[in-house]
Amino acid sequence: LDLQQLIDARGLALLTGDDEAARSLHGLVARWREFYRERLARALYGVGNLAEAEVEYGRALEMGGQSREVHYNLGQVIREQGRLDEAAAAFKRALELDPQYHPALRALKEVQTLLAEKEDETQAEIRT
């Protein structure tokens, strides 16, 4: 099924009064849109368009996407833009959804190490 077929089926269910089917199809449409945005974001990331990839991951989340992978991938995009605090927050959100998600655990540890090193460098510059 493509998105248009799902939307048409949802409309038909609403017209015939099948509320349960309409709700179910509405959920499928939402998940399809989230999937599309997430895949588009991955493609943009793959060609180095970090700003647009970040926008698309954000849209996937706005559509109700709450997968650990979307938060993790968003964190990777933000990290590559040098915004380490924001990247750490995205990795933490992924871990809220799955505390044992190893890619996010590893990425969070790496970002925290980079932040600590950056803080050490700042303190060393202040002392000199």
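Considering the conditions (1) under 27 Å from E119 (Cβ atoms); (2) out of contact with any His (no Cβ under 6 Å at 6 or more places or on another chain), R93 is excluded by exactly one of them, (2).
The residues on offer are G64, G75, and the sole one that is outside any helix (DSSP H, G or I) and touching a helix residue (DSSP H, G or I) at 6+ places or on another chain (Cβ under 6 Å) is G64.
Residues that are closer than 19 Å to G48 by Cα and open to solvent by less than 20 Å² (accessible area, probe 1.4 Å) within the range 84-106 comprise just one, A87.
If the condition is being part of a loop (DSSP other than H, G, I, E, B) and either under 30 Å from S67 (Cα atoms) or touching a helix residue (DSSP H, G or I) at 6+ places or on another chain (Cβ under 6 Å) (or both), then the range 96-128 contributes D98, P99, Q100, Y101.
Among the residues of the range 55-83, the ones that are more than 12 Å from E34 (Cβ to Cβ) and crowded, with 18+ Cβ neighbours inside 10 Å come to 10 in all. Whenever a residue of the range 57-79 is free of Cβ contacts under 8 Å to residues at least 12 places away in the same chain, its partners that are charged (D, E, K, R), lying with C-beta atoms within less than 9 angstrom and at least six residues away or across chains, give the pairs E62/R37.
Report whether or not A116 is of a type outside the set (S, T, Y) and surrounded by 10 or more Cβ atoms within 10 Å (Cβ to Cβ). Spell out the reasoning first.
Values: of a type outside the set (S, T, Y): yes; surrounded by 10 or more Cβ atoms within 10 Å (Cβ to Cβ): yes.
In short, yes.
The values are calculated or read from the model by the stated rules, or taken from the named source; none is laboratory data. Worth saying up front: this structure is predicted, and the values here are computed from it rather than measured. FYI the Cβ positions are ideal-geometry reconstructions off the backbone, even for glycines, and counts take in every protein chain you see. Surface accessibility is based on the protein's heavy atoms, side chains included, excluding ligands, DNA and RNA. Shrake-Rupley method; radii C 1.70, N 1.55, O 1.52, S 1.80 Å.
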